[in-house]
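The values are calculated or read from the model by the stated rules, or taken from the named source; none is laboratory data. All of these numbers come straight from a predicted model, not from anything done at the bench. FYI the Cβ positions are ideal-geometry reconstructions off the backbone, even for glycines, and counts take in every protein chain you see. Side chains included, ligands, DNA and RNA excluded: accessible areas come from the protein's heavy atoms. Shrake-Rupley method; radii C 1.70, N 1.55, O 1.52, S 1.80 Å.
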Amino acid sequence: MKLLLLEDDVETRTHIVRLLQAEGHVVDTAGTGPDAIFLGTTGSYSVLILDRMVPGVDGLGVVRSLRAAGIQTPALFLTALGEVDDRVAGLQAGADDYLVKPFAASELLARIEALARRAPVADVATVLRAADLEVDLLRRQVTRAGKRIDLQQQEYKLLEYLLRHEGKIVTRSMLLENVWSFHFDPGSNLIESHMSRLRAKVDKGFDRELIQTIRGAGYRLDADA
Amino acid sequence: MQTPRLLVSGAFRFAIALALVFALGAVALLAIVEHSVSAYAVEAAGDGILAEHDVLVGEFETSGRAALIAAINRHTRAVREDQFHYLLFDAAGARLAGALPAAAARTGWHEFEVFDPDRGGSGRPVPVRAFGSRLADGTLLVVANDISDLQDLRTGLRTSTVAFGVLISLLALAGGLVVGTLFLRRLDHVNNAIARINDGRLNERLPRIGMGPEFDELSVNLNRMLDRIEVLMNGLRQVSTDIAHDLRTPLTRLRQRLERMQLGTDPAPVPEQIDGAMAQIDEILGIFGALLRIGAMEARGAQASLGTADLSEMLGRLGQLYAPAIEDAEHVLDVSIAPEITVRGDIELLTQAVTNLIENAMNHTPAGSRIQLELERDGDQVRLMVADNGPGIAAEERSRVLGRFYRIDSSRSTPGAGLGLALVDSIARLHGATLTLADNTPGLRVELLFPHAPR
C-alpha cells in the first residue's frame, strides 16, 4: 500500500515509517500541512495518516482542503488530542478514523488495513461469506456448512464486523467503537468474553477455527487459515 | 511620600469635592439672603420717601405752596432718626426750599450722592435715594433719604458670604484630610495583610476595616474568598503530591524491570518481559489519561455545553457490553432500566462514569456477587444506581474514596490508581448531579441523582 504520513516530530515520524515499511507499505512523508496538501492532491495514496498539530496548516485544515478538492482518500488522524470534542472535530472535518497517541503499533496497522479496505465499497452485498460460513444480511441468518447457527444480537454484529474485515486484524478498540459505539478502553476483558461466546457457536464442533486471536493485536476472521 | 499619597487618596478628593459643594451652597444661600434683605430694605426706604412725599403733596393741595415751603423747612429742622432731604424748585427752576443739590431736580426714582449736609458739606459722600414729582402748578418736589445703611448692609452680607464660604471649605478640607489619613491608615493594615498573603502565608486573614458595617462586610467577604482559595490550594498541593507519589510506584517498578532485562537476571523470556514493561507503561498512561480528563472537566466547570444524553439507551448498551464479562467473572448482573430517560449531559463522560462504577463493582467483590444496574425516574429527578452485595465500604471511608488516589487498604492489591470514583465525582458535579455512596446491606450502593430531567 502507498501511504502518506503527516507528522512534524522527526522521531515519531521515523518510528512510524519503519513500522509501516516493515509491513511492506510504501510511505511518503510530510512535515507541514501545506506539504501534505500538495502530496495528497498530486499523489495517489491508499490511506492518509495525519497528525493534528503541525506547522502551517493543521491536520483539520489538511483534511478539509483535500475533501474540498474532491479527494476522498481515507484519512486517519493520529494525534495526542484525545478529548471527546477533539475526536468529533476530526471526524467532522472529513477524517474516517481517529487514533489517539500513544498508540500500539498493531492498532495503527489494523486501522490502516481497515480503512484501505473501505475504499472499494462492497456494502451492497447481501450475503457475506468466509469458507463455509455464510451470513445473510437481509434475513440476519447465519449458517456454517449448511447448519443454521443462532446468534444473539451482539454476537451477530460482532461476526458481521469480522466478516466485513475478513483476513484483516481487528483490534479490541475497533470492535468497541464499531460494534458497541464506545470510545474508551475499559479495564476488563469485555471483548474476550463476547468473542468466546461467538466462537463457541461459530467455531466449536467444526473442523477449522475461523476466528483467530492475534496476540497483542486483536482478532482475525480468516477463511484460508 | 505620605502627603502626596494622602492628596491623591479617594477620601481626600471626596473631601475637596464636598468642600466645593459646601462653598457653592454657602455662596448661593447668602446671595439669596442678601437679595431678599436688600430688596426689602429698598422697598422700606422707598415706602418712607413716598409717605413723606404724599404728606407734602397733601400739604400743598390743602394749604398751597407757602404752606408746603413752611412744612419743608419745618421738617428739615426737625431732628429725626430717619432724616429726609428736600428740594423744591418752581416751574422756572428757582430754588424755593430744601438743601439738595440742583442735580437732584428730576422726577421719578433716582439715586445720587450728596456730601452729608449734617456734617457741613464736608466728609464722605452719602448715597441717597430720591423721588421727584411735579405739582399741579409746575413746582418740582424732590424727597430724598439716606441709603448708606442699606449699602452697609449689602457690603456686610457680601463680606460674610465670602468669609463663610472660605471657612466651610477649609473645614471640609481639614475633615477630608483627617478622614483620608484615617482611611489610609486602616487600608494600610489590609494592604499589609494582603502582601503577607501574597508572600505565601495563606492562613493570614484581613483585619476589619472598621468605619462602618459595609466595609466590615467587604473584609468578611474577602476573608471568605481567601478561605475558599486556601482549601483549593491545599487540595491542589495534595493532588500534585499524590500524583508524584503514585506515579513513582509504577515508574520504579518499570525501572527495576528494565534493569533486570539489562542485567539479564530475569528468568522470563524477553518477549514476556517486554509485554510486562509495556503493561506498566500503559498503566502509567492510564493514570495520566484519567488525571487529564478530571482536570479538563473541572476546568470546563459549569459552562460546559451539554447536550441531551439518552441514559436508557446508553445503559442498555453498556449492560449488553458488560454482561458476558460479568458472567465470566462469576458475578450476576441485574439490569433494570426505565425507558426513554434523558438528562442534559455529555454522553461519553456519563458512559465513563458508569463504566468506572461497574468496573469497581466487578473488581472489588468476590465471585458470586450480584451487581445491580438501575435507572429510574424519581419525581422530576433521575436516579442511576450501581450496587453490589460485596464487602462494601465502611461509613467513615465513603467520603474519602471520592478523593483522588485514595485507596482502601484492602484494595491496594487489586489493579487501579484510585482515580475511578474521583472521576465519577467530577463528572457528577459537572452535570449538577449528586453522587451518594450508601450501605446496600450488605455491599456498596452508588447513586447518581440528576436534577430536573427534561421530558
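Among the residues of the stretch A:210-219, are any within 12 Å of chain B (Cβ to nearest Cβ), within 22 Å of the chain's Cα centre (by Cα), at pLDDT 90 or above and closer than 20 Å to A:PHE103 by Cβ? Step through it out loud before you land on a result.
Residues of the stretch A:210-219 within 12 Å of chain B (Cβ to nearest Cβ): A:215-216.
With the extra rule that they be within 22 Å of the chain's Cα centre (by Cα), the set shrinks to A:215-216.
Now drop any that are not at pLDDT 90 or above, which leaves none.
Scanning the stretch A:210-219, I find no residue that is within 12 Å of chain B (Cβ to nearest Cβ), within 22 Å of the chain's Cα centre (by Cα), at pLDDT 90 or above and closer than 20 Å to A:PHE103 by Cβ, so the answer is no.
For (1) farther than 30 Å from B:ALA39 by Cβ; (2) assigned to a helix (DSSP H, G or I); (3) assigned by TED's automatic domain parsing to the domain that holds B:LEU226, each residue gets a yes or a no:
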| residue | (1), (2), (3) |
| --- | --- |
| B:VAL166 | no, yes, no |
| B:SER169 | no, yes, no |
| B:VAL178 | yes, yes, no |
| B:ARG185 | yes, yes, no |
| B:ASN191 | yes, yes, no |
| B:ALA195 | yes, yes, no |
| B:ASN203 | yes, no, no |
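Would you confirm whether or not the stretch A:66-82 contains a residue that is over 24 Å from A:HIS165 (Cα atoms), of a type outside the set (A, V, I, L, M) and out of contact with any Lys or Arg (no Cβ under 9 Å at 6 or more places or on another chain)? Yes; the residues of the stretch A:66-82 include at least one that is over 24 Å from A:HIS165 (Cα atoms), of a type outside the set (A, V, I, L, M) and out of contact with any Lys or Arg (no Cβ under 9 Å at 6 or more places or on another chain). Inclusion of B:GLY345 among residues that are modelled with pLDDT under 90 and within 14 Å of chain A (Cβ to nearest Cβ) is warranted.
Restricting the search to the stretch B:125-154, which residues are modelled with pLDDT under 85 and open to solvent by 50 Å² or more (accessible area, probe 1.4 Å)? Across the stretch B:125-154, the qualifying residues are B:PRO125, B:ALA136, B:ASP137, B:ASP146, B:ASP149, B:GLN151, B:ASP152, B:LEU153, B:ARG154. Listed by first and then second residue, the pairs with beta-carbon distance under 9 Å, at least 6 apart or on different chains, first residue in the stretch B:272-296 and at the interface with chain A (Cβ under 9 Å from one of its Cβ atoms), second part of a helix (DSSP H, G or I), are B:ILE281/B:PRO250; B:ILE281/B:LEU254; B:ARG293/B:LEU349; B:ARG293/B:GLN352; B:ARG293/B:LEU423; B:ARG293/B:SER426; B:ARG293/B:ILE427. Residue count for the stretch B:45-59 satisfying the condition of being free of Cβ contacts under 8 Å to residues at least 40 places away in the same chain and either within 60 Å of the chain's Cα centre (by Cα) or open to solvent by 50 Å² or more (accessible area, probe 1.4 Å) (or both): 5. Annotation note: of B:GLN256, B:GLN352, the sole residue that is polar (S, T, N, Q) and more than 9 Å from chain A (Cβ to nearest Cβ) is B:GLN256. Could you please find all residues in the stretch B:350-396 being over 13 Å from B:VAL332 (Cβ atoms), acidic (Asp, Glu) and either part of a strand (DSSP E or B) or assigned by TED's automatic domain parsing to the domain that holds B:ALA290 (or both)? Result: B:GLU374, B:GLU376, B:ASP378.
Tell me, yes or no, whether the stretch B:364-380 has at least one residue that is among the charged types (D, E, K, R), open to solvent by 10 Å² or more (accessible area, probe 1.4 Å) and within 14 Å of another protein chain (Cβ to nearest Cβ). The answer is no; no qualifying residue exists.
The rows are residues; the columns are (1) open to solvent by 10 Å² or more (accessible area, probe 1.4 Å); (2) under 15 Å from B:PHE450 (Cα atoms).
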{"residue": "B:TYR322", "(1), (2)": "no, no"}
{"residue": "B:THR351", "(1), (2)": "no, yes"}
{"residue": "B:ARG383", "(1), (2)": "yes, yes"}
{"residue": "B:LEU402", "(1), (2)": "yes, no"}
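Test A:ALA114 against the criterion of being crowded, with 17+ Cβ neighbours inside 10 Å, in the same structural domain as A:ASP86 (by TED's automatic domain parsing) and out of contact with any Gly (no Cβ under 9 Å at 6 or more places or on another chain), and give yes or no. So A:ALA114 fits the description; yes. Here A:GLU166 meets the list (1) within 14 Å of chain B (Cβ to nearest Cβ); (2) touching a residue at least 24 places away in the same chain (Cβ under 8 Å) almost entirely, failing just condition (1).
Got a number for residues in the stretch A:129-147 being open to solvent by 60 Å² or more (accessible area, probe 1.4 Å) and either more than 18 Å from A:LEU210 (Cα to Cα) or out of contact with any strand residue (DSSP E or B) (no Cβ under 7 Å at 6 or more places or on another chain) (or both)? Counting residues in the stretch A:129-147 that are open to solvent by 60 Å² or more (accessible area, probe 1.4 Å) and either more than 18 Å from A:LEU210 (Cα to Cα) or out of contact with any strand residue (DSSP E or B) (no Cβ under 7 Å at 6 or more places or on another chain) (or both) gives 7.
Does the stretch B:322-330 contain any residue that is within 13 Å of another protein chain (Cβ to nearest Cβ), more than 29 Å from B:LEU251 (Cα to Cα), part of a helix (DSSP H, G or I) and small (Gly, Ala, Ser)? Within the stretch B:322-330, one or more residues are within 13 Å of another protein chain (Cβ to nearest Cβ), more than 29 Å from B:LEU251 (Cα to Cα), part of a helix (DSSP H, G or I) and small (Gly, Ala, Ser). Contact map, the stretch B:23-35: first residue open to solvent by 100 Å² or more (accessible area, probe 1.4 Å), second residue modelled with pLDDT under 80, Cβ cut-off under 9 Å, separation 6 or more or different chains; pairs are B:LEU24/B:GLY165; B:LEU29/B:THR161; B:LEU29/B:PHE164.
Determine, yes or no, whether A:PHE206 is at pLDDT below 90 and either surrounded by fewer than 14 Cβ atoms within 10 Å (Cβ to Cβ) or within 30 Å of B:MET362 (Cα to Cα) (or both). So A:PHE206 does not fit the description; no. Out of the residues in the stretch A:34-86 that are in a helix (DSSP H, G or I) and within 14 Å of chain B (Cβ to nearest Cβ), which is most open to solvent (accessible area, probe 1.4 Å)? Here the residue is A:ASP85.
Scanning the stretch B:115-124 for residues that are open to solvent by less than 80 Å² (accessible area, probe 1.4 Å) and either at pLDDT 80 or above or acidic (Asp, Glu) (or both) yields one hit, B:ASP116.
Working only within the stretch A:169-193, note down all residues that are outside any helix (DSSP H, G or I), among the hydrophobic types (A, V, I, L, M, F, W, C) and facing chain B (nearest Cβ under 10 Å).
Start the filter on the stretch A:169-193 by keeping residues that are outside any helix (DSSP H, G or I), which leaves A:169-171, A:180-189.
Subset that is among the hydrophobic types (A, V, I, L, M, F, W, C): A:169-170, A:180, A:182, A:184.
If the condition is that a residue be outside any helix (DSSP H, G or I), among the hydrophobic types (A, V, I, L, M, F, W, C) and facing chain B (nearest Cβ under 10 Å), then A:TRP180, A:PHE182, A:PHE184 are the ones that fit.
Taking the numbered list (1) exposed (fewer than 11 other Cβ atoms within 10 Å of the Cβ); (2) under 30 Å from B:LEU187 (Cα atoms) in turn, B:GLY10 passes all entries but (1). For the stretch B:244-279, the tally of residues that are farther than 16 Å from A:ARG215 by Cα, among the hydrophobic types (A, V, I, L, M, F, W, C) and under 57 Å from the mean Cα position of the chain (by Cα) stands at 4.
Here the condition is being hydrophobic (A, V, I, L, M, F, W, C), farther than 16 Å from A:THR171 by Cβ and under 14 Å from the mean Cα position of the chain (by Cα); of A:LEU48, A:LEU108, it holds for A:LEU48 alone.
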